[in-house]
Amino acid sequence: MKYLLVTPPLTQLNTPYPATTVLKGFLQSRGHEVAQTDLGIELVDSIFSRQWLAGYAASCPNPDERQYLTQCSQTIGAVMRFLRGTDNTLAPRIANRSLLPEGKRFSQLADMEWAFGTSGTDDKARYLATLFIEDIADHIRTHLDPHFDLIRYAEHLASYAPRFDELHSALQAPLTPIDTLSLSLLDHQLSLHQPRIVGITIPFPGCLYAALRFGQHIKRHHPGIAVTLGGGFPNTEWRQLSDPRIFDYCDYINIDDGELPMLSIAQLLQGSITPDQLVRTFTRQNLSTTSFASLPSSPQADFTTQPAPDFDGLPLHKYLSLAEMTNPMHRLWSHGRWNKMMMAHGCYWHRCAFCDTSLDYIGRFQAPSAATVVDRMEHIMSQTGITGFHFVDEALPPRLLADVCREILNRHLTVSFWGNIRFEKAYTAELCNLMSDAGCVAVSGGLEVASDRLLQLIDKGVTIDQTVQVCRHFRDSGIMVHTYLMYGFPTETLQETLNALEVVRSMFDEGIVQSAFWHRYAMTCHSPSGLNPARYGAMRPDTTPNPFCNNEVDWLPSQPIHSANQSQPPQFDYDIEEVGRGLSLATYNYMNDLGLDQPVRSWFPGLHFPKHKKHHSRQ
Ligand code: SF4
C-alpha cells in the first residue's frame, strides 16, 4: 500500500514538523511504501520567489505598491538564499540597509545598535531579512488572501470552533489564489507518488483550513485516494465530534498516535480487517446519521521498539532560519534546522492540573533505552547531515537524559540539543554539567504560576526555591533556560500574579533565565482541572459537548464574584486582560535586558491595586 504523508500549510519555516517522519519510519518497517511532503515550506518557497512576486506585483493596481513589490521580486532570490544559509556573503549589504526595499515593518524599527552592536552583522541581517519577508506576507494578507500568515493559515477559523458552520462556509467559498497555489503543489505530489492513502497531519489550528481544503480537493478530483486526518488538533479537539459534515473532507480521522490507526486503514483497504476493527479511527457510518464508530480501547504502538524517524524526501535545503527577536534563547524556535525527535513517549510526571494528562500523548509514559535513543539520533544525523536535536518530549525524564548524555559521550558524538524539562531537584550541578558536556545548549520548563501556593494546588511538583536553584545550575553549566509561565488559574489573586512577576523579574536580573512566555490558563476537558474543577475552586457551567471542537471549556469560580456592570459573570475580581498585557510587556522587556529595575506594578498602569500591606519589597 502506498501512503503520502502531508504536513499542510503552515507550521514552521525552520525545520520539518516531526509527525510525518515518525509515521514514515514506522509504516515502512511494516512493509509499506511511504512518501512525505511539507507543503507549508513548499508554499513559502513558491510564494517567496522572483516569478511569483513579479506576477503579484504586475497585478497590483496601486503604482507605489507595484513598484515596491517589483523591487521585492528582484531581491527575493538572494534573500531566500541568505535565510537558507547558502549565501552568507549577503549579510553586510542587508545589515547596512542598502539592499532591501523597506515596507511598513521597517518604519517601526528602533535603533538597532543596542541590540546587535557593530559585530553582529549576520544576526542584524537575518533580523532585517525577516522583517522584509514579514512585510511581504502582510501585503498578501491585506490585499490577496486574508487567511495568509507565515506560520499559520486561517487560524482564526479553527481557534475556537464549537460548531463547524463558519469553517464549512469558508471551505465552500471560491478558492483564494493561495488556495489554488497550495492545491497545485498537492497535485504535483499526488502525481509524483500516486498514493492510495493520503494522511494529513493537523498539529495546530493554523493548519486545519488547509488540511480540509486538501481533503476536499482529493475527494472531488481523486476519488480513488483515501484521506485520513490526524495529529494534535484532532487528538485534543475531536474526540467528541458529532458533526458528520467533516467527512465531506476526509474518510477517516485518527485519534492518538497515528501508527496503528494508519496501519489499520491499509488493512481495511486490503480487505484483511472489517471497519469495526479499525484502530482508534472515526468514520462516517452512513450519510444520514451523525453517529461515529466508537473509539475502541485498542493497543498502541510500542514507542520503545519503534524505528527511527525517517526524514527522507523532505526538502531540507528549503527551510529558512528567521530571527523575530534578538533574544538568543527565543531564537532557537525559528533559527536553525534542528532535527526534531522524542526521547521518550508521554510525561513521566503526568499530574499537572492544567495539562491533558488523561490523553495518551501525555499519560502513557514509555522510555526506550539510552542506546536506542542515541541509535535513532545517529540514524537521523546520517540522513540529514545535521547534528542539532530538538527533543520535543513533554518533559525529558532526567534519569534517561543522564544515560543518553553518557551514551553520547561514550560514542564520542558531537551534537547539540535542547528540550523541555521539569525544574526538579534531579537537575543537580553534576547532571547539568554532564548535559552541557554532551551538547545540551538550552532547556525549557514550566514555572507556571510562580507561586508556591498555586504550584502546590496544580500539583506541579516543584517549588520556586527549587526552580531557582536548578536554573542556577543550568546557568553555571552554560545552558540557556526558557520558562513557561501561566496566569489566571482559578483562585489566583492579583497580588499572587504580581508576586509571580517579581519572581520572574529577579530570575532575569540574576541571569538564570533568558526567555519566558506567559500563557493565560485555559481549562481543557482532558485536564485534571477540567475533569474535577471543584478541587481547584472552579465549576463548569455547561458540560454538554459541542458538535465540532471540544477542548477548552468555560469555567467560573466556585465562589461567585460580585459584579455590578458585567453581562457575563467574571472569573476574577480584577481585569485579567490588563494583567495579561502587563505581564507580556514586562517580560518582553526583560528578554531584551530592559526594565529590570522598574517596580513590577509599573507594568500595569490601568489596574487599581487594593490598599493593603506589601507582599514584596520591590512592589
Ligand atoms: S505540564 Fe508538563 S510536567 Fe506537567 S504533566 Fe504536563 S507534560 Fe508533564
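The values are calculated or read from the model by the stated rules, or taken from the named source; none is laboratory data. Predicted model only: the values in this text are computed from it and were never measured. Ideal geometry is used to build each Cβ from the backbone, glycine not excepted, and the neighbour counts take in all protein chains shown.
Going by what's in this entry, would Ser321 be described as surrounded by fewer than 20 Cβ atoms within 10 Å (Cβ to Cβ), assigned to a loop (DSSP other than H, G, I, E, B), away from the ligand (no atom under 16 Å from the Cβ) and in contact (Cβ under 8 Å) with a residue 40 or more places away in the chain? Break it down stepwise before answering.
Numbers: surrounded by fewer than 20 Cβ atoms within 10 Å (Cβ to Cβ): yes; assigned to a loop (DSSP other than H, G, I, E, B): yes; away from the ligand (no atom under 16 Å from the Cβ): yes; in contact (Cβ under 8 Å) with a residue 40 or more places away in the chain: yes.
Spelling it out, Ser321 is indeed surrounded by fewer than 20 Cβ atoms within 10 Å (Cβ to Cβ), assigned to a loop (DSSP other than H, G, I, E, B), away from the ligand (no atom under 16 Å from the Cβ) and in contact (Cβ under 8 Å) with a residue 40 or more places away in the chain.
For segment 1-43: of the residues being at pLDDT below 95 and of a type in the set (Val, Ile, Thr), which is farthest from Ser272 (Cα to Cα)?
If we take residues in segment 1-43 being at pLDDT below 95 and of a type in the set (Val, Ile, Thr), then Thr15 is farthest from Ser272 (Cα to Cα).
Kindly list the number of the only condition in (1) touching a helix residue (DSSP H, G or I) at 6+ places or on another chain (Cβ under 8 Å); (2) more than 26 Å from Arg213 (Cβ to Cβ); (3) free of Cβ contacts under 8 Å to residues at least 24 places away in the same chain that fails for Leu263.
(3)
For Gln559, work out the one condition from (1) in contact with a Gly (Cβ under 8 Å, 6 or more places away or on another chain); (2) at pLDDT 90 or above; (3) not basic (Lys, Arg) it doesn't fulfil.
The failed condition is (2).
For the subset of segment 523-549 comprising residues that are closer than 15 Å to Cys355 by Cα and among the polar types (S, T, N, Q), which member is nearest to the chain's Cα centre (by Cα)?
Within segment 523-549, the match that is nearest to the chain's Cα centre (by Cα) is Thr524.
Show the residue pairs meeting these rules: Cβ distance below 7 Å; 6+ apart or different chains; first residue within segment 356-370 and free of Cβ contacts under 8 Å to residues at least 40 places away in the same chain; second residue within 12 Å of the ligand (Cβ to nearest atom) and of a type in the set (Phe, Trp, Tyr).
Phe365/Tyr348
Please name all residue pairs, on different chains or six or more residues apart, with Cβ atoms under 9 Å, provided the first residue is in segment 389-418 and is modelled with pLDDT under 95 and the second residue is in a helix (DSSP H, G or I) and within 16 Å of the ligand (Cβ to nearest atom).
Note: pairs meeting the criteria are Glu394/Tyr361; Glu394/Ile362.
Given the structure, is Leu359 within 21 Å of the chain's Cα centre (by Cα) and more than 30 Å from Leu314 (Cα to Cα)?
no
What number of residues within segment 256-288 are modelled with pLDDT of 90 or more and of a type in the set (A, V, I, L, M, F, W, C)? Before you say what the answer is, go through the steps one by one.
If we filter segment 256-288 for residues that are modelled with pLDDT of 90 or more, which is where we start, we get 256-273.
So of that shortlist, the ones also of a type in the set (A, V, I, L, M, F, W, C) come out as 260, 262-263, 265-266, 268-269, 273.
Number satisfying all stated conditions: 8.
Do you know which residues across segment 341-393 are under 19 Å from Cys405 (Cβ atoms) and of a type in the set (D, E, K, R)?
Asp375, Arg376, Glu378, Asp393
Can you name every residue in segment 70-90 that is of a type in the set (A, V, I, L, M, F, W, C) and touching a Ser or Thr at 6+ places or on another chain (Cβ under 9 Å)?
Hits for segment 70-90 are Ile76, Met80, Phe82, Leu83.
Starting from segment 448-473, take each residue that is closer than 14 Å to Val504 by Cβ and list its partners that are of a type in the set (Gly, Ala, Ser) and at pLDDT 95 or above, counting only C-beta distances under 7 angstrom and pairs at least six apart or across chains.
Matching pairs, first to second residue: Val449/Ala500; Ala450/Ala500; Ser451/Ala500.
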